[in-house]
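Before any comments, here is the structure.
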Amino acid sequence: MILKQLSILLLFFILVNCKENNGVQNESDAETIEKTALSYADGFSIENHQGYKVLEIKSPWPKSEKTYRYALINKESNSKINLNPSDFEAIINTPIQKIVVTSTTHIPALDLLNVEKTLIGFPDTDFISSEKTRVLIDKGLIKNLGKNESINTEVLLELRPELVIGFGIDGNNKTFDNIQKAGIPVIFNGDWIEKSPLAKAEWIKVFGVLYNKEKESDSIFKTIENDYLEAQKIAEKATKRPTVLSGAMHKDIWYLPSGTSSEAILLKDANADYLWSETTDKGSLSLNFETVFDKAQDADIWISPSYYVSLEAIEKANAHYTKFKAFKTKNIYSFADTKGKTGGVIYFEMGMARPDLVLKDLIKITHPELLENYEPYFFKRLE
């Protein structure tokens, strides 16, 4: 009888123990995962785990099918965290102390977060316009790594950066493959394929988490967002919407932004009538001259005519350009001649990070009466 009671009691403890282990986790094992709030960007996410963070890059280039996962561990907590390396592209210690970036569009994030001194290498440093970063280049603290399409991996590996921020149009890049094989993590930045200007700017939060500066990056983005939305409200006060043409010919094709592009969204938010705003093509539109001329010969304003920096250069390139109303009235504006100390086009470096400034430029061009005292940052009227 006693043996039977002991057996029943043992069975009870086994069942209770199984229920505890297979049901709700013990409090010590439970983990609350919080995601960093994103308002616009779709191409990345940040998860906050206990003792580490997970950065996911979802769309580093068009038609990307793979999600890239990176574990970010604060250097002070590194010895306390055990993660399976096979679950991630790389396990990275933060904050980053030595970094290589490969596009000028990455430079503003370092500047805004005041971590530009961590940059130790860049392909073709002449393209960098940032005054703070140019000082470091002039002192020899940032090495020239050749050209973006053929990075000098030998020099890069000698520098031993903790991280490389890559840029690619697809997943086929032997240079980045070799860098990763050498044990240096590569994170692909996909800000350029986001759908809206503010979504592109929100990628500063990726740099924020790499440098343990999430609060700073969030504050910076909110300031940019607020300035953008305030400028948009100012543009809504306009009583007229001037018609706008964009782009120019390359050989026999006129390339101009699709209606779903960031450029078209900026013109819409500036309360301008972009003549191809209704198109939904992905990427640039490719049209012949006759098609563009038929629709835009009477356009009030011509924005971003390729790399031409004067009316004379436009006329020499193609005499047919002179038939447009915008040419006759000298209402052509470009960012191509706003350059840094060594010739880098400032718009290509800062335009994506500071859509608020781009929008104000466009409002000044299309509705000058609304921003009487504003001096355009990127765009100049061609003479």
Next on the checklist: Yes or no: the stretch 327-339 includes at least one residue that is surrounded by 17 or more Cβ atoms within 10 Å (Cβ to Cβ), over 22 Å from L112 (Cβ atoms), polar (S, T, N, Q) and modelled with pLDDT of 95 or more.
Outcome noted: yes
Checklist entry - Are any of the residues in the stretch 171-179 of a type in the set (A, V, I, L, M, F, W, C), in a helix (DSSP H, G or I) and buried (at least 17 other Cβ atoms within 10 Å of the Cβ)? => result yes
Item to check | Output for the stretch 156-170, where each listed residue is loosely packed, with under 14 Cβ neighbours inside 10 Å and either free of Cβ contacts under 8 Å to residues at least 60 places away in the same chain or of a type in the set (A, V, I, L, M) (or both) | outcome: E158, I169
Next on the checklist: Can you go through I220, I265 and tell me which one is in contact with a Leu (Cβ under 6 Å, 6 or more places away or on another chain), over 29 Å from V155 (Cβ atoms) and modelled with pLDDT of 95 or more?
Outcome noted: I220
Checklist entry - Could we say that L229 is open to solvent by 50 Å² or more (accessible area, probe 1.4 Å), more than 13 Å from the chain's Cα centre (by Cα) and of a type in the set (A, V, I, L, M, F, W, C) here? => result yes
Checklist outcome for this item: Flagged in the stretch 93-107 as open to solvent by 10 Å² or more (accessible area, probe 1.4 Å) and more than 19 Å from K53 (Cα to Cα), in numbering order, are K98, S103, T104, T105
Checklist entry - Out of the stretch 250-259, which residues are open to solvent by 10 Å² or more (accessible area, probe 1.4 Å) and modelled with pLDDT of 95 or more? => result I253, Y255, P257, G259
Checklist outcome for this item: the stretch 266-383: strands (runs of 3 or more DSSP E) wholly inside it with 2 or more residues that are free of Cβ contacts under 8 Å to residues at least 40 places away in the same chain are 285-287
Checklist entry - With respect to the numbered conditions (1) over 30 Å from E131 (Cβ atoms); (2) open to solvent by 20 Å² or more (accessible area, probe 1.4 Å); (3) over 28 Å from the mean Cα position of the chain (by Cα); (4) not aromatic (F, W, Y), which one is the sole condition not fulfilled by L287? => result (3)
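The values are calculated or read from the model by the stated rules, or taken from the named source; none is laboratory data. Because the structure is a prediction, the values reported are computed rather than measured. With ideal geometry, Cβ positions are generated from the backbone for all residues, glycine too; neighbour counts draw on all protein chains shown. Ligands, DNA and RNA are stripped out before the accessible areas are found, and what is left, the full protein with its side chains, is counted by its heavy atoms. Shrake-Rupley method; radii C 1.70, N 1.55, O 1.52, S 1.80 Å.
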